[in-house]
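Below is one structure, written out as structure tokens; the observations come after it.
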Amino acid sequence: MHYHAYEMAHVMLSPMRLANRALRAMVDFPFNPFSMTPQARVMSAACGVFESLTRRYGKPEFAIDEIEIDGVPVKVREDVTARRTFCRLLHFMRDPEITAKRNDPKVLLIAPLSGHYATLLRGTVRALLPQHDAYITDWVDARDVPLYEGDFGLDDFIDYILAFLNLIGPNTHVIAVCQPSVPALAATAILAAADDPATPRSLTLMGGPIDTRIAPSAVNRLAEQRSLAWFENNIVAHVPFPNAGFMRKVYPGFMQLTGFMTMNLQRHANAHVELFQHLIRGDEDSVRQHNDFYEEYLAVMDLPALFYLETIERVFQEHALPRRIFQHRGMLVDCSAIKKTALFTVEGERDDICGVGQTSAAHFICPNIPSGHRQLYVQPGVGHYGVFNGSRFRREILPRLTAWIRTADAPDAFRKTSAPGAKSSAAHSP
């Protein structure tokens, strides 16, 4: 019922939003002689904050039309390489006249299916494009998928990764951000066990819950303390009419967003107080920065309930992968089969979602990767978001990641060097 109550509240606020827009248009009207008075500026700012807090945010665009490579502007266009019921595989195609001779590594960036759209990684994609041929998983909002299209679980997620890697072809490098670290590692193990040519050349796991028994966060503890039935009864809801996915069981995106925001509630409250002040002063740059962030942060999607519940059970409660009991379609996944894929793990020192050590646990469960082919890195001073985006990512993590991927393209080089500024690490026990 909470989903229906949320929808009803949104509908009931519609007349207020309409009146709010009309009032703001009247106050800001250029020929209004009182538009620049302090009282009018306060009223306009209040309308702006009300609009920001109550409107529904749609799926943002990647909007990456051009990048710069060695000082030369290069056009970029999005190409849908593959369509699946719950995901599109997007290829950011750079101008071939400029990039054809570069032979840049192919990278599959696996975006998290955890409430936000794949565009949350827009900055990551933009940072990768100058030196990589980039693909990304663009997940579909479950409430837009009709019930007759079937369900989607953790095994299906792994199947999608396997299909995309076979489609992109050999010598692909995989980067999994947060939640996809587990299915990405499982898919790599499945391909390695079959000696499949599509086995990734390198696998980078960034802030992922490989073993949540290590440095458990508040999110991890909640998943362990509650039963699976509690999550199904209190979190899962049916998509309301008139959405295309009517009656589909989902984990609503607005509930995920509420959970994220309550973890830093004071910060978000302060941000909107500052927005009010910026609007009064007419500080357009600050207002634009605020809007750009919240256009992305407040745009959320619903998750298929089956995928959500299976992730809770197998990743956060059973700890199936680090305990070596993880199965895919009834077959045991053996991470010790990974021998030729270079492994790089990245964590944030202040990550309050995936504690330090949870991601690097992958090195322990992949014992047969040679020591020169593995590396772990903890970025000082950043939280979860800073592991894959922002200035610290571009300045300190990206150079290491890029160097690691290029080194993995020439396997013999692992015996001679490692990525600058980071230390190689042998397998370790959590």
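For segment 241-333, which fully contained helices (runs of 4 or more DSSP H) count at least 1 residues that are touching a residue at least 60 places away in the same chain (Cβ under 8 Å) and either assigned by TED's automatic domain parsing to the domain that holds Leu113 or closer than 29 Å to Pro183 by Cβ (or both)? Even if it seems obvious, please write down each step before you answer.
Details: elements: 253-263, 265-281, 284-297, 305-311.
In segment 241-333, 253-263, 284-297, 305-311 are the helices (runs of 4 or more DSSP H) which contain 1 or more residues that are touching a residue at least 60 places away in the same chain (Cβ under 8 Å) and either assigned by TED's automatic domain parsing to the domain that holds Leu113 or closer than 29 Å to Pro183 by Cβ (or both).
Is it the case that some residue within segment 201-213 is assigned by TED's automatic domain parsing to the domain that holds Phe152 and over 30 Å from Gly169 (Cα atoms)? Checking segment 201-213: at least one residue is assigned by TED's automatic domain parsing to the domain that holds Phe152 and over 30 Å from Gly169 (Cα atoms).
If only residues of segment 156-170 that are within 19 Å of the chain's Cα centre (by Cα) and β-branched (Val, Ile, Thr) are counted, the one that is farthest from Lys106 (Cα to Cα) is Ile158. Look at Tyr308 and say whether it is under 21 Å from the mean Cα position of the chain (by Cα) and modelled with pLDDT of 80 or more. In short, yes. Condition check: closer than 28 Å to Tyr117 by Cβ and assigned to a helix (DSSP H, G or I). Does Glu347 satisfy that? Spelling it out, it is not the case that Glu347 is closer than 28 Å to Tyr117 by Cβ and assigned to a helix (DSSP H, G or I). Note on segment 66-90: among residues that are assigned to a loop (DSSP other than H, G, I, E, B) and at pLDDT 95 or above, the one that is farthest from Leu120 (Cα to Cα) is Thr85.
For Pro252, the stated conditions hold: it is crowded, with 19+ Cβ neighbours inside 10 Å and either in contact with a strand residue (DSSP E or B) (Cβ under 8 Å, 6 or more places away or on another chain) or of a type in the set (Lys, Arg) (or both). Scanning segment 56-79 for residues that are aliphatic (A, V, I, L, M) and more than 25 Å from Leu298 (Cα to Cα) turns up Ile67, Ile69, Val72, Val74, Val76. For segment 158-185, a residue qualifies if it is hydroxyl-bearing (Ser, Thr, Tyr) and part of a helix (DSSP H, G or I), and the qualifying residues are Tyr160, Ser181.
Asp412: in a helix (DSSP H, G or I), modelled with pLDDT under 95 and surrounded by fewer than 15 Cβ atoms within 10 Å (Cβ to Cβ), yes or no?
Values: in a helix (DSSP H, G or I): yes; modelled with pLDDT under 95: yes; surrounded by fewer than 15 Cβ atoms within 10 Å (Cβ to Cβ): yes.
Yes.
If you go through segment 6-29 one residue at a time, do you hit one that is surrounded by 14 or more Cβ atoms within 10 Å (Cβ to Cβ), among the hydroxyl-bearing types (Ser, Thr, Tyr) and either modelled with pLDDT of 85 or more or outside the structural domain of His116 (by TED's automatic domain parsing) (or both)? Yes, some residue in segment 6-29 is surrounded by 14 or more Cβ atoms within 10 Å (Cβ to Cβ), among the hydroxyl-bearing types (Ser, Thr, Tyr) and either modelled with pLDDT of 85 or more or outside the structural domain of His116 (by TED's automatic domain parsing) (or both).
The values are calculated or read from the model by the stated rules, or taken from the named source; none is laboratory data. What you are looking at is a predicted structure, and each value in this text was computed from that prediction instead of being measured. Every residue, glycine among them, receives a Cβ derived from its backbone with ideal geometry; neighbour counts consider all protein chains shown.
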